[in-house]
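The values are calculated or read from the model by the stated rules, or taken from the named source; none is laboratory data. The model shown is predicted, which means the values in this text are computed figures rather than measured ones. Ideal geometry is used to build each Cβ from the backbone, glycine not excepted, and the neighbour counts take in all protein chains shown.
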Amino acid sequence: MSQPLTLQDISRRIRDVPDFPKPGILFKDITPLLLDPKAFRRAVELMTAPFRGDRISRVVSIESRGFLLGAPIALALEAGLVPMRKPGKLPAERGRVEYALEYGTDALEMHSDAVGAADRVLIVDDVLATGGTAAAAAQLVRKHGAGVVGCTFLIELDFLHGRGRLTGERIEALLHYT
Ligand code: AMP
């Protein structure tokens, strides 16, 4: 039997793209990982593992790369999958949260019937950077009466101190860049 893939095997499949989408940003491109089913499967297993015993009923995944990870994690946890989207994409009745960016504001939306008071939610995204997106996602989930059990990320950019924005949340991340 072959050895299980390691975090290093996974991190080798993350491509650094300098100055994308704008100068000064080092973009963490997960598409090489998606091309390798063994490494992708292992990343999903490792992101799921810490929450296996937590009776997660909904996986809330954040547009757009969060969807790619959230879908297999939801299946692995036998939880419902909830897309949290940029404004104007969801067709039915929806809740909305606005959050501050470096310049201006952005917003996320979620269908109002997607989570409720009985739900135990895991929030999934590819990258934790400043934490603003995940903090807004947690706020929107709680506004619908559900509990946020935690957040799981493939990548954490530790030098941006996103955890500081997420005080009180349980945060798991596979790969750390300091
Ligand atoms: P933040 O709200 O600052 O934590 O940013 C998180 C969101 O922005 C996530 O949805 C990420 O997909 C994206 N993001 C931020 N920084 C990067 C980066 N360096 N590489 C790839 N995606 C990023």
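Looking at (1) under 29 Å from L90 (Cβ atoms); (2) buried (at least 19 other Cβ atoms within 10 Å of the Cβ), which one does L34 not meet, given that it meets all the others?
All conditions are met except number (2).
When you go through (1) more than 16 Å from the ligand (Cβ to nearest atom); (2) touching a Phe, Trp or Tyr at 6+ places or on another chain (Cβ under 9 Å); (3) under 25 Å from F27 (Cβ atoms) one by one for L81, which number turns out not to apply?
L81 satisfies all of (1) more than 16 Å from the ligand (Cβ to nearest atom); (2) touching a Phe, Trp or Tyr at 6+ places or on another chain (Cβ under 9 Å); (3) under 25 Å from F27 (Cβ atoms) except (3).
May I ask you to say which residue of D36, D54 is in contact (Cβ under 8 Å) with a residue 40 or more places away in the chain and of a type in the set (D, E)?
The unique qualifying residue is D54.
Test each condition in (1) closer than 21 Å to R170 by Cα; (2) away from the ligand (no atom under 14 Å from the Cβ) for E63 and report the one that comes out false.
(2)
For the range 62-94, enumerate the residues that are charged (D, E, K, R), surrounded by 13 or more Cβ atoms within 10 Å (Cβ to Cβ) and more than 15 Å from the chain's Cα centre (by Cα).
R94
Sort out which residues of the range 126-170 are assigned to a strand (DSSP E or B), away from the ligand (no atom under 11 Å from the Cβ) and not small (G, A, S), and write them in order of number.
V148, V149, T152
On the given criteria, is G95 within 23 Å of A117 (Cα to Cα), modelled with pLDDT of 95 or more and not in a loop (DSSP other than H, G, I, E, B)?
Here the answer is yes, as G95 does meet what is asked.
Those residues that are buried (at least 22 other Cβ atoms within 10 Å of the Cβ), within 16 Å of the ligand (Cβ to nearest atom) and either of a type outside the set (V, I, T) or farther than 21 Å from I155 by Cα (or both), I need them from the range 95-125; list them, please.
L108, M110, L122, D125
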